[in-house]
1. Output yes when any residue across region 461-477 is more than 19 Å from the chain's Cα centre (by Cα) and among the hydroxyl-bearing types (Ser, Thr, Tyr), and no when none is.
2. Residue under question is ASP324, and the condition is that it be closer than 16 Å to GLU267 by Cα and open to solvent by 30 Å² or more (accessible area, probe 1.4 Å); does it hold?
3. Check ARG294, ARG279 and return the single one that is free of Cβ contacts under 8 Å to residues at least 60 places away in the same chain and within 18 Å of LYS328 (Cα to Cα).
4. Which residue is nearest to LYS117 (Cα to Cα), if the candidates are limited to region 53-91 and must be in a loop (DSSP other than H, G, I, E, B) and without any contact (Cβ under 8 Å) to a residue 60 or more places away in the chain?
5. Test each condition in (1) over 22 Å from the mean Cα position of the chain (by Cα); (2) open to solvent by 20 Å² or more (accessible area, probe 1.4 Å) for PHE420 and report the one that comes out false.
6. Among the residues of region 282-316, which ones are open to solvent by 20 Å² or more (accessible area, probe 1.4 Å), closer than 30 Å to ALA134 by Cβ and in a loop (DSSP other than H, G, I, E, B)?
7. I'd like the full set of residues that are under 25 Å from CYS275 (Cβ atoms) and aliphatic (A, V, I, L, M), limited to region 32-91.
8. Going by what's in this entry, would GLY396 be described as at positive phi and over 23 Å from the mean Cα position of the chain (by Cα)?
Amino acid sequence: MDRKAGLLCPLFSVPGNQGIGDFGAKTLKMIDCIVEAGYKIWQMLPLQVTGFTHSPYQTLSSFAGDPIYINIDRLSEWGLLTQSSVINCNKFKNFVDYPQVKEFKEKYFERAYKAFKKNIDLFQSEYDLFLKEAFWLDDWVTYQLFHELHEGASWNEWDDEYRNFLEEHDIDLEDYQDQMDYYRFLQFVFYKQFQEVVDYAHQKGLEIMGDIPFYVDYDSADVWGNKEYFLLDEDGKPEFVAGCPPDYFSETGQRWGMPIYDFEAQEKDGFKFWCDRVRWTARYFDKVRIDHFRAFDTYWKIPASCPTAIEGEWVLGPAQKLLDAIKKACPNVELIAEDLGIIRKEVTELAEANHIPGMEVLLFKMESKLLRKPLPKHKVVYTGTHDNGTIMEEYGKYDSNRRISLRRFFKKRGYTERAFYDIVCHYALDTKADLAILPIWDICGYKEEARINLPGTVSDHNWTWKLKDFKTFPQELLKTKPWIIDAGR
């Protein structure tokens, strides 16, 4: 891997006229800013349809894009809306109000769909190709319909004919075809607009990096449509759920609640479910980070009856067999392993054997003795991730002795910037790691107001922070350009 610098910024955090960063002109402007500053990679978070937490790691599908990212102005450019009818929503807010934005955009989507049906000839060949290639689409629109018919209840609470529709087809869907076509339309628009953004980035020499969570949510089209790939009981409920064991941070561990895969069943058809997920993601992303990579090697298996993670056990994962299947299905995909935390050496060995770089987070090393150990070359270094506090949020928690010690360490190595966040960003770019990724909030020196997520919590603040406008952060990005050049990235 060549030495490169990357930027971490969720799409929802990009400035936008319609309450959220989306596939509009301001995201193209964001790409221009990223490229001008010398960055070669833009890392986003997953863009799939989210549930009530709005977490991109808790989604209703591994494939269906969230329509909230569809840009309204683009719909008018396609002739599906009149430009004069488009107004702004929360244009200069520094947070996303998801319910408000969804309600705001929905009325435009419905009008655009009516125009789409009248002018289908303009889109027919492109639309037909999408319907052909989106192998997951029929399952998704059926699941979404049933989900709405049951007012958002989890699929295991549906009546039997809905729960088992894919196996038995006992429901006449004729009366719902227009509603289902509307859902198909939204997915077509989502991926058409997303492809335009990706194409623009590639024209500018910028790669886009995505993310695949290891597990999928129980209440999802993934599980409803592929029950045989998960350890479920006769009623379709999970027998075991995912999490991690008790540790220094939690006496009872973490019980995430996602169902455990039936890897024996998956192996019989070449891990098709996993290969489909990676293949579809790789259509749009140049690099794919696998969240919780350690579960390829070993994962914590908790009986669903246990209210905490205490009674789980470590179970060997599919390891090389699954990676071989993924590489065969997607020979050109570039994977990155989220391998943070206390892990077995076998996890590192598995990643290295498959030339998959792991991660290093500098905020976990903010002590002189830890920073003295040089980072390996075949790694991706971050100042922090979406799950960390910002540099300045964490720095505010350090006592004076720790601050003095850290500043002395960096000053001895020639880092004389006044702001601590500048020092750490500059240092990250200078490390030996092939890829250095800086979050936009660390480049700008934001504090706790810009925190993306506090793990283990459900909060109105998680996944909502966004940049208000383009007034200040482009200059902060340009500040790092000489550091990138000097670091040979």
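The values are calculated or read from the model by the stated rules, or taken from the named source; none is laboratory data. Note that this is a predicted model, so its numbers are computed, not measured. Note that we place each Cβ from the backbone using ideal geometry, even for glycine, and neighbour counts take in every protein chain shown. All accessible areas refer to the heavy atoms of the entire protein, side chains included, with ligands and DNA or RNA removed. Shrake-Rupley method; radii C 1.70, N 1.55, O 1.52, S 1.80 Å.
1. Initial filter on region 461-477 (more than 19 Å from the chain's Cα centre (by Cα)): 468-477.
Those still in the list that are among the hydroxyl-bearing types (Ser, Thr, Tyr) too: 472.
Scanning region 461-477 turns up at least one residue that is more than 19 Å from the chain's Cα centre (by Cα) and among the hydroxyl-bearing types (Ser, Thr, Tyr).
2. Against the criterion (closer than 16 Å to GLU267 by Cα and open to solvent by 30 Å² or more (accessible area, probe 1.4 Å)), ASP324 qualifies.
3. Working: ARG294 fails: within 18 Å of LYS328 (Cα to Cα).
Going through ARG294, ARG279 in turn, the sole match is ARG279.
4. Residues of region 53-91 in a loop (DSSP other than H, G, I, E, B): 53-58, 60-64, 66, 70-71, 78-82, 86-88, 90-91.
Now drop any that are not without any contact (Cβ under 8 Å) to a residue 60 or more places away in the chain, which leaves 78-82, 86-87.
Working: TRP78: 13, GLY79: 12, LEU80: 10, LEU81: 13, THR82: 16, VAL86: 20, ILE87: 23 Å.
Filtering region 53-91 for residues that are in a loop (DSSP other than H, G, I, E, B) and without any contact (Cβ under 8 Å) to a residue 60 or more places away in the chain, the one nearest to LYS117 (Cα to Cα) comes out as LEU80.
5. Condition (2) is where PHE420 drops out.
6. Hits for region 282-316 are ARG283, PHE285, ASP286, HIS292.
7. ILE41, MET44, LEU45, LEU47, VAL49, LEU60, ALA64, listed by residue number.
8. Working: at positive phi: no; over 23 Å from the mean Cα position of the chain (by Cα): yes.
Answer is no for this residue.
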